[in-house]
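The numbers here are math on the coordinates, done by the rules we state, and not lab data. In this text the structure is predicted, and so the values were computed from the model without any measurement. As a convention, Cβ positions derive from the backbone with ideal geometry for all residues, glycine included, and neighbour counts pool all protein chains shown.
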Amino acid sequence: MNVMKSTGKFRDESLDFQKKILERSGFGEGTYAPTSLLKTPPNVCLAEARKETESVVIGAIAELLSRTKVKAEEIGIVVTNCCVFNPTPSLSAMVVNHYKLRDNVVSYNLSGMGCSAGLISIELAKQLLQVRPNSYALIVSTENINDGLYFGNNRSMLVSNCLFRMGGAAILLSNLTSDSHRSKYCLKHIVRTHKGSQNHCYNSIIQEEDDDNITGVTLSKNIMSSAGQTLKANISTLGKYVLPFSEQLRFVTNFVAKKLFFKVRVIKSFTPNFMLAFEHFCIHTGGKAVQDEMQKVLGLSDWHMEPSRMTLYRYGNTSSSSVWYELAYCEAQGRVKKGDRIWQIAFGSGFKCNSVVWCALRTIDPTKEKNLWSEFSTHVTN
């Protein structure tokens with residue numbers, strides 16, 4: 001397949017490059033792509049992009065409402081997020097229209113904020129719930145593959161073609177006292193870090209035209225250094241809220257020593273042991289290289305990385321929804337016990353690193369609460 005779209009075509013070397021990226025991606029054979037891209041040639045248009053998003057979003061919400069027994073008319077807040085697909089009317093309006101939500105529903109649609117927008121949506125919903133008592137907030141995180149496909153031959157832009165897969169998640173937050181007995185988790189902390197003031201971070205992921213005027217998303221060589229810099233700032237702030245005092249003291253001592261003896265190279269940076277603060281880690285499935293680096297930096301065990309690696313293998317990088325696939329994996333494996341602490345962390349264009357911390361309000365019994373991983377739970381090493 002050479003001709004992909006009237007505005008561009010892949011050269012043989014570009015096809016070979018994408019094949020190599022896919023072979024190293026950590027993806028399995030069961031990930032999902034929209035049917036519009038499986039045709040020859042692919043049918044890339046606004047109608048198909050909208051159809052792709054509707055199938056994911058409406059399906060996720062329908063399953064959520066069925067499980068929680070919450071009626072659509074009870075929802076007072078809707079927050080949707082999708083980075084590259086920004087139609088008119090918005091995705092939040094699409095949800096309101098499909099479920100015929102009430103006239104005074106508060107709705108927001110976040111776009112262009114990258115893979116960490118799902119966690120930004122959590123913070124926005126939290127703030128809205130603080131001023132709207134006795135409410136339900138519906139959050140929907142997804143990405144659009146049809147609208148984000150690049151048809152040129154710039155290698156920095158071709159990488160994004162290989163990274164993402166079709167998927168989405170719907171989450172329901174409540175501030176009703178009556179829901180405390182049946183809720184799964186309590187929101188404890190949200191830490192957002194934004195390095196967009198620095199040009200190399202801002203330009204590390206950017207949508208632009210190539211030399212042939214074909215639009216795509218450029219992933220620069222600075223992306224890993226930007227991620228590392230932003231991660232360091234994020235965990236430095238998060239540590240104050242979650243780490244034992246002994247770990248905080250060691251971190252501060254190391255920081256002061258490095259400042260006082262900055263010319264002495266033997267003083268290495270101290271990374272706190274976050275396994276003392278959390279039982280479960282939901283690290284965004286940005287790719288195998290990102291996972292490897294996160295495991296190394298945070299000193300995590302293979303067991304703690306398993307939800308992220310299994311999500312990447314089975315479902316691919318579903319962008320902002322991936323951290324929810326990972327939490328569902330922990331539930332399906334019977335890992336989540338009452339009182340457990342969960343850390344969700346994701347990176348996004350801008351450049352951003354966002355963290356959300358949850359505490360399990362009850363033990364999740366995988367035999368009673370099925371999810372997308374249930375059919376695989378018996379085939380995965382626990």
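Okay, here's what the table says:
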item	result
Test: residue in the stretch 102-110 that is in contact with an Asp or Glu (Cβ under 7 Å, 6 or more places away or on another chain), touching a residue at least 24 places away in the same chain (Cβ under 8 Å) and over 28 Å from THR215 (Cβ atoms)	yes
Selection from the stretch 185-215 of residues that are among the charged types (D, E, K, R) and buried (at least 17 other Cβ atoms within 10 Å of the Cβ)	LYS195, ASP210
Residue in the stretch 183-201 that is among the small types (Gly, Ala, Ser) and in contact (Cβ under 8 Å) with a residue 12 or more places away in the chain present	yes
Candidates ALA125, ALA47, ALA117, ALA60 - the one that is in a helix (DSSP H, G or I), without any contact (Cβ under 8 Å) to a residue 40 or more places away in the chain and not basic (Lys, Arg)	ALA47
Residue among THR80, THR53 that is closer than 30 Å to SER135 by Cα, assigned to a helix (DSSP H, G or I) and touching a residue at least 12 places away in the same chain (Cβ under 8 Å)	THR53
